[in-house]
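Inspection log for the structure reproduced underneath, given as structure tokens.
The values are calculated or read from the model by the stated rules, or taken from the named source; none is laboratory data. What you are looking at is a predicted structure, and each value in this text was computed from that prediction instead of being measured. We place every Cβ from the backbone using ideal geometry, glycine too, and count neighbours over all the protein chains shown. Areas reflect the complete protein model, heavy atoms only, side chains present, ligands, DNA and RNA absent. Shrake-Rupley method; radii C 1.70, N 1.55, O 1.52, S 1.80 Å.
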Amino acid sequence: MDSLSYLRERMDYDHYKKLEEIDNDFLHKFLAKYIMLLNPSSIFVCSDKKEDEEYIRRKALEYGEERELRQKDHTVHFDNYYDQARDKKNTKILVDKDVSLPFINTLEREKGLEEIHTLMRNIMVDKELFICFFSLGPKNSPFMIPAVQLTDSAYVAHSEFLLYRNAYDVFRENGRGLRFLRFVHSAGELDERKTSKNLDKRRIFLDVDNEIGFAVNTQYGGNTIGLKKPAFRMTINRAVKEGWLSEHMFLMGVHGPNGRISYFTGAFPSMCGKTSTCMLPHERLVGDDLAFIKIIDGEARAVNVEIGVFGILQGVNEKDDPIIWEVLHSPNEIIFSNVLIHDGRPYWNDMGVEIPERGENHSGKWWKGKRDAEGNVIPPAHKNARFTARLIYFKNLDKEALENPKGVKLSGMIFGGRDADTWPPVCESFNWRHGVILKAAALESETTAATLGKEGERKFNLMAILDFLSVHIGRYIENYLDFGNKLRVPPRIFAVNYFLRDKNGVFLNDKVDKSIWLKWMELRVHDDVEAIETPIGFIPIYDDLRILFKEVLGKQYSKEDYEKQFMIRVPELLAKINRVRNIYRRIDNIPKILFEELYLEEKRLRNIKEKFGEYVSPFSFL
Ligand code: SPV
Ligand code: MN
């Protein structure tokens, strides 16, 4: 039987019709194959019509994956207690036989497909399958990548309606020959709380070469929302093949003097200040998680891949995060996940208001002091509790930048991690290749609650992308180096560190200081201020920061603070170079430039150590 006839047999005519109208045999074959395998009891095909989206929302409630809250259009979703973050261990990139890639959890394609198909066979017999069409990047633009999602989770489909542009029209109007990504997800059997039950059989397998991703027996968004992190593995692969960049980065506009706006991307590992930076109330938000960067007319231009936010709640409070706070407290369509619910209202840790001592959370019925099976006290909300919301709700959204099919001109790229003792708060690289190697490819960060596993360990995390890397690391770096060479003027590359501490473990900066570093970087990309040359790059001049602290925050910035923060810590910097070099030395096919740049920086550091000692005041360089 041909695919269309099979599809006709399996679903109501209205839904079949929506598929038939798409002139793409490859799509029909794919759908027929997986419908046969998953064997759902019913099928719903989503077009871009509002009523289809409403149907999904209704189903999320009806099937109990979401519940209504007191505020209209607010819902809560719970993931299983042990399904609260990305599962790195069970996420695998499917590869050809005998291929192994450094840092990447791989599995031979044939074996992976067999395992996942076995797990998925008949998994939807008593479930409804949703088929949805979305786009990564703005539609009708050089950035657009269409995708189709199959899922039995109305929560996952609902999340995607908040996070991505509908693209059924793209499939219908340009179906013939259309190249698109494919995702197949099943939450698997659910328990009485409607959370995935068979976590021992949780698998996230990504066949990057064939651009198809699978997730099974999990609901957590980072595993299941196909267009988010599963797609990211595929777009990294495409980008490297095609000579552009697909990055784990926010995108934002920073206001400069005289109405000027300059755009920056920022790469930070999860929970290291990425969201709080791009959400700064006086700047312009474009995206908070994923960016595509391409060369258009010799310029680096960037877009947000998404149109929504799957953001962290922990620590979000009215004072520090006024914009997010307002979004969360208005009648917007929002999904809260893994928060505490009391009296129909959501609560999360460190939100700056009194948190009730009982309610319901990711562990079920909850009371203060409750312990889990391992004996750990369960906090009110999970550390990785999140909200899902559209960007249009955010007051500081740069709507034009979000929608511009040509993206925005990129002036600077920022890299930052959680680092207690090595990097200064802000530093500009000497040039593209210095930045790519020493700020981006040498990025390290302490682990956080965004992934399962131990927290607080310093880990190598180049470009904050290591969790998602799907190609050989050497090729990935080489693509970056080449990208800069093709640009008329490459974006400046900066490193920031919001987590520097003194010997007693006390943070050396305030949470709000990050706006100053942004303003300084904005001035630097236009050469409006000079800077101090150090062995690791350019750092700010004290007087420029003093003025910015006064103007932007109304704060006195003392020379003592500046000196402590911008001290060049030679032993720590040298140790870092050693760590990073040792990592790359063990890998084949790393561009030579990487070792050259590390060597040069090491030499510069040794020179100043001889001249000024181990801890060098920024004033010494004047
Ligand atoms: C991250 O952890 O980097 C996130 C959330 O953006 S997740 O979707 O889980 O990846
Ligand atoms: Mn992310």
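Identify, please: which residue in region 451-486 is among the acidic types (Asp, Glu) and free of Cβ contacts under 8 Å to residues at least 60 places away in the same chain and is, among those, nearest to ligand 1 (Cβ to nearest atom)? Checking each candidate, the answer is Glu455. When the residues of region 347-366 are narrowed to those that are part of a loop (DSSP other than H, G, I, E, B) and among the hydrophobic types (A, V, I, L, M, F, W, C), which ends up surrounded by the most Cβ atoms within 10 Å (Cβ to Cβ)? Checked region 347-366; the qualifying residue surrounded by the most Cβ atoms within 10 Å (Cβ to Cβ) is Trp348.
Taking region 380-467 and the strands (runs of 3 or more DSSP E) fully enclosed by it, the elements with 1 or more residues that are open to solvent by less than 10 Å² (accessible area, probe 1.4 Å) and assigned by TED's automatic domain parsing to the domain that holds Glu357 are at 386-390. Within region 200-222, the set of residues being within 16 Å of ligand 1 (Cβ to nearest atom) and over 18 Å from Thr106 (Cα atoms) comprises Thr218, Gln219, Tyr220, Gly221, Gly222.
For region 307-346, the set of residues classified as open to solvent by 10 Å² or more (accessible area, probe 1.4 Å), more than 16 Å from ligand 1 (Cβ to nearest atom) and not in a loop (DSSP other than H, G, I, E, B) consists of Pro322, Ile323, Trp325, Glu326, Ile341, His342, Arg345, Pro346, listed by residue number.
The set of residues in region 491-549 that are under 27 Å from Lys319 (Cα atoms) and among the hydroxyl-bearing types (Ser, Thr, Tyr) comprises Tyr498, Ser515.
Name the pairs: first residue in region 235-262 and at positive phi, second residue among the charged types (D, E, K, R), Cβ to Cβ under 9 Å, at least 6 apart or on different chains? Note: pairs meeting the criteria are Gly243/Lys294; Gly243/Asp482; Gly243/Lys486. Taking region 270-290 as the range and being within 9 Å of ligand 1 (Cβ to nearest atom) and among the polar types (S, T, N, Q) as the test, the residues that pass are Ser270, Thr275. Test Gly298 against the criterion of being in the same structural domain as Ile516 (by TED's automatic domain parsing) and of a type in the set (Gly, Ala, Ser), and give yes or no. The answer is yes for Gly298. Out of all the residues in region 19-36, which are exposed (fewer than 15 other Cβ atoms within 10 Å of the Cβ) and in contact (Cβ under 8 Å) with a residue 40 or more places away in the chain? Across region 19-36, the qualifying residue is only Glu21.
Considering only strands (runs of 3 or more DSSP E) fully contained in region 189-306, which possess at least 2 residues that are under 18 Å from Asn396 (Cβ atoms)?
Qualifying strands (runs of 3 or more DSSP E): 250-255, 261-267, 284-287, 299-304.
Out of Val552, Val580, Val529, Val512, I need the residue that is hydrophobic (A, V, I, L, M, F, W, C) and not in a helix (DSSP H, G or I). Which one? Checking each option against the conditions leaves just Val529.
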